[in-house]
Amino acid sequence: MKLLLLAPDIIKNHNYYYLNWFSVLKKLSSKLIVFDCRNLESNFDLEKLNELFYQKVLENNPDIIFYVIHRNEIFPETLLKIKEKLPKTNIIIWISDDDWRHINHSRLLVLYADYFVTTYLNKSKRYQRYGHKNAILTQWACNPDEFYPMNVKKKYDVSLIGSAYHPRIEWIQYLLDNGINVKVFGKGWDKYPELKHIYGGFLNGKDFVKTINETKINLNFGWGSINDGTLQIKGRTFEFGACNSFQITNYNPVLNNYFTENKDIVYFRNNEDLLEKIKYYLNNEKERERIAQNCYENVIKNHTWEKRFNDIFKQIEIKKSCFNLNKDKNYKVDILMIGNRNNFKKETLKSIEDQFNIKEKKMIYFNEIDKNNLKNLLKADLVTFCTPNETWDPNKLEFQVYSLECDRNTVNLTDFQINEGSKIFKRWFWIDRILRYKREDLLPYFLPISAILVKKKVFLKKLNEFYDFIEKRDLTFLINILKEEWNYVELPLIEFSKFKFNKKHKKAKKFFYINSDLRRKLFFKECLKRGKIFKAFFLLMEMIEKEWIR
């Protein structure tokens, strides 16, 4: 079996997938090829990344492509091209963090997989409800070649290895306030002055494993980084076991499928319970070592990556591929073109024509029809909108229609991005960020009308409000649309070449776009080279403002 592993940072020897998967998949395959999907993504040239990946696949003709989704780095059209050229190659997508990624984008990207893997039982059941017969349920595990017991002295009472985010920060501060000797390792802890004295740095490779072995009690906080209380099972749970090292983790009923409480794992239910158990197990070394040994035996026997992958590969022999699930569906959408026909660029019209898996799409030029005739012209059950100076991702309509179908809602919204004249620098307006800041009140001011897909019956009820929106920029239409049951796609399915910011946008934009510091710096240098001094100046001000906000 020839296998191509596509994962972020896979060529870095401290990366999770390198440490845990590389040697295992090398053993299980006749030839292992790797492709780092963050290599060019870090430089923000996704078109080039897809081109290189496609060429890599054609050169190697793998039996399996095992793709770890990071976000939207590999385009569905690239996967379609691969399947057309190499129909016998199986594409398997691994979804991590399917708790919070599921609704917004992972359930959409797996439409272009033969099989996909999730670690969440409840999401596996949802996929079946959507019509996917190709979901594979598994769990995180460990690689005993990388994580193993060491004969070292226990020099830390309590340690936490992982990035600094809430509620971890509060838990650590609570333990410190109550006299517990804690050490923390990972990204971000040095940004908190009150915690700098307990920060041990970022750990790589063997130092990582050694620190686990040197710790009497390893803390394992199994919540997601978005701080909404969602429970997760972390790979760290199995890695601690493989190191024969004691751990305490927050209670998660799903863990009972893999461990037995107080036999091979210890749970805490609240901060007082955690404090009490830390004090107890620091004073009861033999009991601590007994539980760690039981966990080690359980993990080595049942929860290694070799065992997990063998099970995944067996399941793809049994399950049926569901690649391009929507290809035979009867999706129809009417598109209201808002603006003069002559103002729409060829690129805009082509991006509408090139939409995947939409059986019928009719463009209706709003300026050319009589108000009273619009109802008669709308034939499809769904309505969306388009304005000049925008282009659509080939999956815009499919992903929006499918999202409505999955959740049985009446309105769908999508993220969008603004092209600032460079592949490096595109502002991604992220609906999820507005929701996290609990500023839904900004959405009507912030949202372009083309980001909306709505059921026709809802649209017709608000027809007068729609006319007021077009003619007078009265926002009542958007405000009332957002009172309906809506969901959203967390992918930038529309790209604008021009976008007019109003006062509300200007106040909010620093909160509601994704833009890494690296991307800003690269574009700043590019502007200087091109002699775009004013653009470079404003970018510099933006970088200074962001540092000040931090």
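The values are calculated or read from the model by the stated rules, or taken from the named source; none is laboratory data. Since we're looking at a predicted model, the values are computed, not measured. Please note: Cβ atoms are built from the backbone with ideal geometry, for glycine as well, and neighbour counts cover all protein chains shown.
Results, tabulated for the structure shown:
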{"item": "Members of the stretch 475-499 found to be in contact with a helix residue (DSSP H, G or I) (Cβ under 7 Å, 6 or more places away or on another chain) and not in a loop (DSSP other than H, G, I, E, B), listed by number", "result": "476, 477, 478, 479, 480, 487, 488, 489, 490, 491, 493, 494"}
{"item": "Given (1) under 21 Å from residue 399 (Cβ atoms); (2) more than 18 Å from the chain's Cα centre (by Cα); (3) crowded, with 20+ Cβ neighbours inside 10 Å; (4) hydrophobic (A, V, I, L, M, F, W, C), number of the condition residue 64 does not satisfy", "result": "(1)"}
{"item": "Verdict on residue 307 being at pLDDT 95 or above, in a helix (DSSP H, G or I), under 18 Å from residue 118 (Cα atoms) and out of contact with any strand residue (DSSP E or B) (no Cβ under 8 Å at 6 or more places or on another chain)", "result": "yes"}
{"item": "Options 255, 195, 275: the member that is farther than 18 Å from residue 156 by Cβ and either in a helix (DSSP H, G or I) or among the hydroxyl-bearing types (Ser, Thr, Tyr) (or both)", "result": "255"}
{"item": "Filtered residue count, the stretch 317-332, keeping only those that are in a helix (DSSP H, G or I) and surrounded by 17 or more Cβ atoms within 10 Å (Cβ to Cβ)", "result": "0"}
{"item": "Matching residues, the stretch 12-47, being modelled with pLDDT of 80 or more and part of a loop (DSSP other than H, G, I, E, B)", "result": "15, 29, 30, 37"}
{"item": "Evaluation of residue 263 against (1) exposed (fewer than 15 other Cβ atoms within 10 Å of the Cβ); (2) in a helix (DSSP H, G or I); (3) touching a residue at least 24 places away in the same chain (Cβ under 8 Å) (one fails), failing number", "result": "(2)"}
{"item": "Filter result for residue 241 (surrounded by 15 or more Cβ atoms within 10 Å (Cβ to Cβ) and either part of a loop (DSSP other than H, G, I, E, B) or not aliphatic (A, V, I, L, M) (or both))", "result": "yes"}
{"item": "Matching residues, the stretch 385-432, being within 23 Å of residue 365 (Cβ to Cβ), assigned to a helix (DSSP H, G or I) and modelled with pLDDT under 95", "result": "none"}
{"item": "Residue 199 vs. criteria of a type in the set (Ser, Thr, Tyr), farther than 22 Å from residue 97 by Cβ and surrounded by fewer than 16 Cβ atoms within 10 Å (Cβ to Cβ)", "result": "no"}
{"item": "Those residues of the stretch 338-369 which are in contact with a helix residue (DSSP H, G or I) (Cβ under 9 Å, 6 or more places away or on another chain) and free of Cβ contacts under 8 Å to residues at least 24 places away in the same chain, in sequence order", "result": "369"}
{"item": "Residue in the stretch 220-231 that is of a type in the set (A, V, I, L, M) and in a loop (DSSP other than H, G, I, E, B) present", "result": "yes"}
{"item": "Search result, residues across the stretch 453-473 that are in a loop (DSSP other than H, G, I, E, B) and surrounded by fewer than 15 Cβ atoms within 10 Å (Cβ to Cβ)", "result": "473"}
{"item": "Residue 184 being at pLDDT 95 or above, under 27 Å from residue 96 (Cα atoms), of a type in the set (A, V, I, L, M) and outside any helix (DSSP H, G or I)", "result": "yes"}
{"item": "Extreme residue, modelled with the lowest pLDDT, among residues of the stretch 310-321 that are farther than 12 Å from residue 114 by Cα and among the aliphatic types (A, V, I, L, M)", "result": "318"}
{"item": "Sole exception among (1) touching a residue at least 12 places away in the same chain (Cβ under 8 Å); (2) charged (D, E, K, R); (3) out of contact with any Cys (no Cβ under 7 Å at 6 or more places or on another chain) for residue 84, by number", "result": "(1)"}
{"item": "Members of the stretch 354-384 that are part of a helix (DSSP H, G or I) and surrounded by 14 or more Cβ atoms within 10 Å (Cβ to Cβ)", "result": "366, 374"}
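Every residue, every condition in (1) loosely packed, with under 14 Cβ neighbours inside 10 Å; (2) in contact (Cβ under 8 Å) with a residue 24 or more places away in the chain; (3) over 23 Å from the mean Cα position of the chain (by Cα); (4) not assigned by TED's automatic domain parsing to the domain that holds residue 244, yes or no:
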| residue | (1), (2), (3), (4) |
| --- | --- |
| 172 | no, yes, yes, no |
| 187 | yes, yes, no, no |
| 193 | yes, no, yes, no |
| 214 | no, yes, yes, no |
| 219 | no, yes, yes, no |
